[in-house]
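Here is the structure we will look at, set down as C-alpha cells.
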Amino acid sequence: VYLMADHVVKIFVEDGLENSLYCLGSELEFYTLLCKLNSSLRNYMPEILSSGIIYLEDGSFTVVPWDGQGLPKVIAECNLLPGTYGKDSFPFGLWSKKQYELRRAGTSPADLACPAGSSVIWPYVITKRCEGKIYAQLRDKLSWKEALNLASFLGEQLHDLHLLPLPPFSAEISDIGRKVESKFDDSCMEVLPGNSKISAEWEIFIRALSSKRMGVSRRLRNWGDPIPDALIKRVDEYLPNDLTKFLTSSFSGDEANVEENCKPSWIHSDIMDDNIHMESCSGDSDCNGKAVDEVVGNGSLNGHKNEVEEGISWRPSHILDFSDLTVGDPLYDVIPIYLDVFRGDTSLLKQLLQSYKLPLSRWTSQRESEGIKTRRLSYRAMCYCILHDENILGAIFTIWKELRKAESWEEVERVVWGELNSYNNFS
C-alpha cells in the first residue's frame with residue numbers, strides 16, 4: 001500500500017495472482033453495487049478512483065484499466081477461468097471467489113505455497129485518501145463517549161452492509177464442495193446431509209465451515225499457546241457434526257423456512273482496529289453524529305479516558321479494506337469487532353447491537369432457543385471462533401486470561417459470548 005498525497009495505491013500481491021484477482025474483483029463488484037443502489041454505505045467506504053492490471057513485459061510496465069467486469073486480454077491468457085465472460089459480468093466476483101475458496105479447501109500447505117498465475121502481473125486499485133488516523137493509533141486517546149459513538153457507527157454500517165442484496169447466485173458452484181477431501185490425511189467427509197433443505201447460498205457457507213471442521217484439533221494444536229490443551233482435546237465433542245443445525249434444527253420441523261428471519265449476507269470479515277478510519281471534529285453536534293444512548297459507562301473502561309486529550313475529538317469516518325469480502329452468517333462480522341476493536345467490552349457490544357437492529361437468529365425469543373444449543377447465539381459465535389481461518393482463540397485467551405483454566409468450551413462460551421443471548425432480534 002502506497003500513500004501519495006490525496007491518493008492511496010494498493011497493489012495486490014498476497015497469495016499470488018489468482019487470489020489477488022478475487023480480492024480485487026469482489027471488491028469492485030461490491031462497490032459497483034453500492035453505486036447502483038446509491039447505498040449510504042458508499043459514504044463510509046473510500047472512493048475508488050481507478051483500478052486495473054499492471055504487468056511487466058519485455059522490461060517495461062503496462063497498465064490496463066479494469067473495473068472488475070469482463071476479462072482483460074492479459075488475464076484471459078492466464079487461463080485461470082473456464083469459458084467466456086461478457087463485458088458486464090464480474091468473472092472474479094463474489095460467487096466465483098467462493099468457488100475458488102471451496103476448491104482450495106483441504107489443500108495442503110505445500111500446494112498453497114505455489115499459487116496459480118503469473119508473477120509479473122499485479123491487480124491494483126487507487127482510492128481517495130481519508131483524512132485523519134486509523135483507530136489503532138487512537139484507541140487509548142478516545143473518551144468513553146467517543147467509544148460509544150464508534151460502536152453505534154459500526155452497528156449502523158453493519159446494518160446497511162447486511163441488508164445489501166447478494167449478486168445472482170451462480171448454479172455452476174452448486175456441486176462444488178459437496179464432499180470435502182483433506183489432502184493431509186486422505187480422508188473425505190460429506191459436508192451436507194442428503195436431505196438438506198437449506199438454500200444454495202447458505203449451502204456454500206456451510207460447506208466452507210465443514211472444510212474447517214475436519215482436522216480442527218490438529219489446527220488448534222498447531223496454534224498452541226494460549227489455547228488450553230484440555231480444551232483442544234474436547235473440541236470435537238463441542239462442535240456439532242451437522243453444521244446445518246446452525247440454520248435449522250431437527251426439532252423444529254420447519255427447514256423450508258430457514259431464511260425467514262436471517263438470510264446470508266455480504267460479510268466484510270476484517271473490521272478491525274486498523275481498518276477503521278477516524279477524523280478529528282469539534283463540538284458535540286459535529287462529533288456525535290446520531291445521538292448515543294449510553295447503555296452503561298463509567299468513562300474509564302478498556303483504556304478509554306474521561307477527558308479528550310489535547311482538546312482533540314474524534315469520530316469514525318470510513319471502514320477500510322473490502323478485499324476480504326465474503327458471504328455468510330451476519331454474526332461473522334460481529335466477531336472481529338467485539339474481540340479486536342472492543343477488546344471484549346460487553347458495553348460496546350450492546351451499543352453496537354442497539355444500532356444494528358437486524359436479526360442475528362431465526363428464533364425470535366429466548367424460550368425458543370432453550371434446550372437446543374445450536375439455537376444459542378453464543379454457541380454459534382463460539383463455534384465460528386473455533387472454525388475461523390484466523391487464530392481468534394488466541395485473542396480470546398489473551399483478553400480473558402482466566403479462561404486458560406476453563407474446564408469446558410461451554411464455560412468459555414458463556415463468559416465471552418453470553419451477552420449475545422440477551423439480544424432481542426428485530427424484524
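The values are calculated or read from the model by the stated rules, or taken from the named source; none is laboratory data. These numbers come from a predicted model, not from an experiment. All Cβ positions, even for glycine, are placed from backbone atoms using ideal geometry, and neighbour counts span all protein chains on display. Quick note on the areas: whole protein, heavy atoms, side chains included, nothing else; ligands and nucleic acids left out. Shrake-Rupley method; radii C 1.70, N 1.55, O 1.52, S 1.80 Å.
Values as computed for the structure displayed
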{"read-out": "Test: residue in the stretch 278-287 that is at pLDDT 95 or above and outside the structural domain of Leu353 (by the TED database)", "value": "yes"}
{"read-out": "Selection from the stretch 395-410 of residues that are open to solvent by 10 Å² or more (accessible area, probe 1.4 Å) and in a helix (DSSP H, G or I)", "value": "Ala395, Thr398, Ile399, Lys401, Glu402, Arg404, Lys405, Glu410"}
{"read-out": "Glu47 being of a type in the set (Asp, Glu) and closer than 29 Å to Ala5 by Cβ", "value": "yes"}
{"read-out": "Among (1) farther than 30 Å from Glu156 by Cα; (2) buried (at least 20 other Cβ atoms within 10 Å of the Cβ); (3) of a type in the set (S, T, N, Q), the one test that Thr62 misses", "value": "(2)"}
{"read-out": "Search result, residues across the stretch 337-379 that are open to solvent by less than 20 Å² (accessible area, probe 1.4 Å) and modelled with pLDDT under 95", "value": "Leu360, Ser361, Trp363, Ser369, Thr374, Leu377"}
{"read-out": "Filtered residue count, the stretch 31-51, keeping only those that are under 14 Å from Lys128 (Cα atoms) and either open to solvent by less than 40 Å² (accessible area, probe 1.4 Å) or outside any strand (DSSP E or B) (or both)", "value": "9"}
{"read-out": "Qualifying positions in the stretch 124-172 - assigned to a strand (DSSP E or B) and either of a type in the set (Lys, Arg) or more than 20 Å from the chain's Cα centre (by Cα) (or both)", "value": "Tyr124, Val125, Ile126, Thr127, Lys128, Lys133, Ser143"}
{"read-out": "Any hit, the stretch 14-30, residues being at pLDDT below 95 and either open to solvent by 50 Å² or more (accessible area, probe 1.4 Å) or assigned to a loop (DSSP other than H, G, I, E, B) (or both)", "value": "yes"}
